[in-house]
Amino acid sequence: MSQKILAIDIGGTAIKSGLWQSNGLVELPSVETPKTWEEMKAYLKMLVDEHQVTDGVAISAPGAVDAEAGVIYGVSAVPYLHRFPIKQELADFLGIPVSFQNDANCAALAEVWHGNAQGLSSVALMIIGTGIGGGVIIDEKLRTGANLFGGESGYQIMNHDTLETLSDLGSPVAMAKRYSKLKADDREYTSKEVFDLAEAGDELAKEQIEQFYNALSIGIYNVLVSLDPDRVLIGGGISTRADLLVNLEERVQELLLEKGAKELKLSIMPCKFLSQANLIGAVYQFITEQE
């Protein structure tokens, strides 16, 4: 009999969910993230009952998730998830097993299980979105680190004077906000609009995109010389841009050449999974824990 697992991806503004059965994911409609833990529990209970889920619930969550202890440390856009035995409380409430894993780590696990990290001994992931998340895979297992910061390359400081991080300078969302502020025409531009404006010859847009690419390239270079992975995988919605990887590859190769590390071979690819990555990775975390 095949398993039926409810997969949940908790985001700051929305919750995505899906049912994993017959080795495939069927997505369910997204909803706005509940405002309290009690509302969240009630919503999950409703999904479990409605879809007659008996095997378990696999959750991708923001923050520093200690999967074994079942506690989420750190901070996130969903403050009520943190610093209490969340896994045990939810499992008791639902009456079925529950697993938790960090969202970027879930994206990494999806790639190990069925994606572009299969069969490799070391992989570094960079998930590019509102900030920069990431994960490190060693021998097809997550390397979360002694303090759950493994792969969190977004925390790299890119500017000593301003202490701006890779998440500040290498995020397309932050880049669009900077452009909007400097343009000062009472409009909030999206990153796609900034890319389009740059292609149309807008000098300010070109400048901001240059800064964005430079920050990401230095971030990838730092990951390469620290970990020397078999492959770097780039995730997040922007990874579908045809010119992104070409630009990054070119710039990183220049940095390696310039700094005397030309023997370091760069293999950079997009992640196979995009919007479903966290759900699929959460299921893999659950199955691994149950085994």
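Compared with the dominant Cα axis of the chain, that is its longest principal axis, helix 277-290 is turned about 50°. For the pair ASP228 and LEU257, label points projected 7 Å from Cα toward Cβ lie 2.3 nm apart.
Put TYR179, TYR189 in order of accessible area, highest first, and with a 1.4 Å probe you get TYR189, TYR179. Over 26 Å apart at the Cα level, from the set LYS16/LYS41; LYS206/LYS262; LYS177/LYS262; LYS16/LYS192, are LYS206/LYS262; LYS177/LYS262. Annotation: amide H of VAL98 within the under-5 Å range of VAL57, sequence separation 5 or more or interchain, hydrogens built in the peptide plane. Relative to the dominant Cα principal axis of the chain, helix 203-227 is inclined by about 70°. Considered as an equivalent ellipsoid built on the Cα gyration tensor, the chain has semi-axes of 34, 22, 17 Å, the largest given first.
Quick note on the range 118-191: its Rg to Rh ratio, both from C-alpha atoms and Rh being the Kirkwood radius, is 1.13.
Rolling a 1.4 Å probe across all protein chains gives THR33 an accessible area of roughly 10 Å². Its alpha carbons considered, the range 96-149 gives a radius of gyration followed by a Dmax of 11.4, 34 Å. Using Cα atoms only, what is the angle between the long axis of helix 172-183 and the major principal axis of the chain, expressed in degrees (0 to 90) to the nearest 10? Rounded to the nearest ten degrees, it is 50. Taking amide H positions as modeled 1.01 Å from N, with prolines and chain starts lacking one, the residues under 5 Å from VAL71 and 5 or more places away or on another chain are ASP66. When only alpha carbons are used to place a centre, the range 165-197 and the range 36-96 end up 34 Å from one another. Counting charges near MET46 (Lys, Arg +1; Asp, Glu -1) among other residues having Cβ under 14 Å from its Cβ returns a value of -2. Take 278-287, 47-56 and order them by the average number of nearby Cβ atoms within 10 Å per residue, most first; the result is 278-287, 47-56. Sorting LYS87, LYS177 on solvent-accessible area from highest to lowest, probe radius 1.4 Å, gives LYS177, LYS87. In the context of the full protein assembly, MET46 retains an accessible surface of approximately 80 Å², using a probe radius of 1.4 Å and ignoring ligands and nucleic acids.
The values are calculated or read from the model by the stated rules, or taken from the named source; none is laboratory data. Note that the structure is predicted; figures quoted are calculated from it, not measured. Cβ atoms come from the backbone with ideal geometry, glycine included; neighbour counts cover every protein chain shown. Quick note on the areas: whole protein, heavy atoms, side chains included, nothing else; ligands and nucleic acids left out. Shrake-Rupley method; radii C 1.70, N 1.55, O 1.52, S 1.80 Å.
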